[in-house]
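I'd like to ask some things about the structure below.
Where a number appears in this text, it was derived from the coordinates with a stated rule and is not lab data. All figures in this text were calculated on a predicted structure; none of them were measured in a lab. As a convention, Cβ positions derive from the backbone with ideal geometry for all residues, glycine included, and neighbour counts pool all protein chains shown.
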Amino acid sequence: MKKPTSDYMAVIELHGGDILLSDGMQSEKQFMQHGTTSTFSHSLAVTVMCLRIAAALRLKTHERELVRGALLHDYCLYDWHEPHKGLHAFSHPKAALENARRDFEVGKIEQNMILSHMWPLGKLPRCRESFILCLADKLCAVRETFRRKKKEQ
Ligand SMILES: [Fe+2]
Ligand SMILES: [Fe+2]
């Protein structure tokens, strides 16, 4: 049976409550990711999706790392629609990791998750959590973009 989103939110608060409440993550509410979806909402939706995928496929994961890496995967802290250095698709995972390391303890799994979430662009995913994030991020990006198109019609 499909678990309600509130069950996943409880898991996210347990492992990533400090991230959610941090100034950096809160500032993501002002940056738009896809259409009318903020980077904060996108990151939260991606994290829920990661947990859903892991549950649906009955994958054993490092749950804490999965949650924290997913929450921080787009922690680049700028609006990518504004002028910035480098090509966003390639540069933002590195920027996200630099910020994440400055603000939180980030282990090897979260590091690879953040750096490889744009695969096949950039770094190769090297653990299960990274592959799950790659898939979840793309599914949410399509959903958010499609939702925007529908609203515009
Ligand atoms: Fe990203
Ligand atoms: Fe993303």
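Count charges around residue 30 for me, please; just the other residues with Cβ under 15 Å from its Cβ, Lys/Arg as +1, Asp/Glu as -1.
Neighbour charge sum, excluding residue 30 itself: -4.
Taking the radius of gyration and the Kirkwood hydrodynamic radius from Cα positions alone, what is the Rg/Rh ratio for the range 65-109, to two decimal places?
Values: Rg = 10.9 Å, Rh = 11.0 Å.
Rg/Rh: 0.99.
Tally Lys and Arg at +1 and Asp and Glu at -1 over the other residues with C-beta under 14 Å from the C-beta of residue 63: what net charge comes out? Please report the intermediate quantities before stating the final value.
Working: positive: 3, 52, 58, 60, 64, 68, 128; negative: 7, 13, 65, 110, 129.
Combined, the nearby Lys, Arg, Asp and Glu give +2.
Which order results if 134, 140, 50 are arranged by neighbouring Cβ count within 10 Å, fewest first?
Details: 134 19, 140 23, 50 30.
Fewest-to-most Cβ neighbours within 10 Å comes out as 134, 140, 50.
Continuing with this model, one more query. What GluC sites (Glu not before Pro) does the range 62-151 have in DSSP loop regions with at most 14 other beta carbons within 10 Å?
Those satisfying the criteria are 105.
Another question, then. How many angstrom lie between the C-alpha centres of the range 77-153 and the range 10-32?
15
Extent of the range 5-152 along each principal axis, from alpha carbon coordinates, in Å, largest to smallest?
Ordered largest first, the range 5-152 gives principal extents of 39, 35, 31 Å.
Okay, moving on. So which DSSP H runs in the chain come out at 20 Å plus along the axis (Cα) with average Kyte-Doolittle of at least -1.0?
Once both thresholds are applied, what remains is 39-56, 128-152.
Same structure again: Anyone know which of 62, 42, 73 comes out most mobile in the 10 Å Cα GNM of the chain?
62
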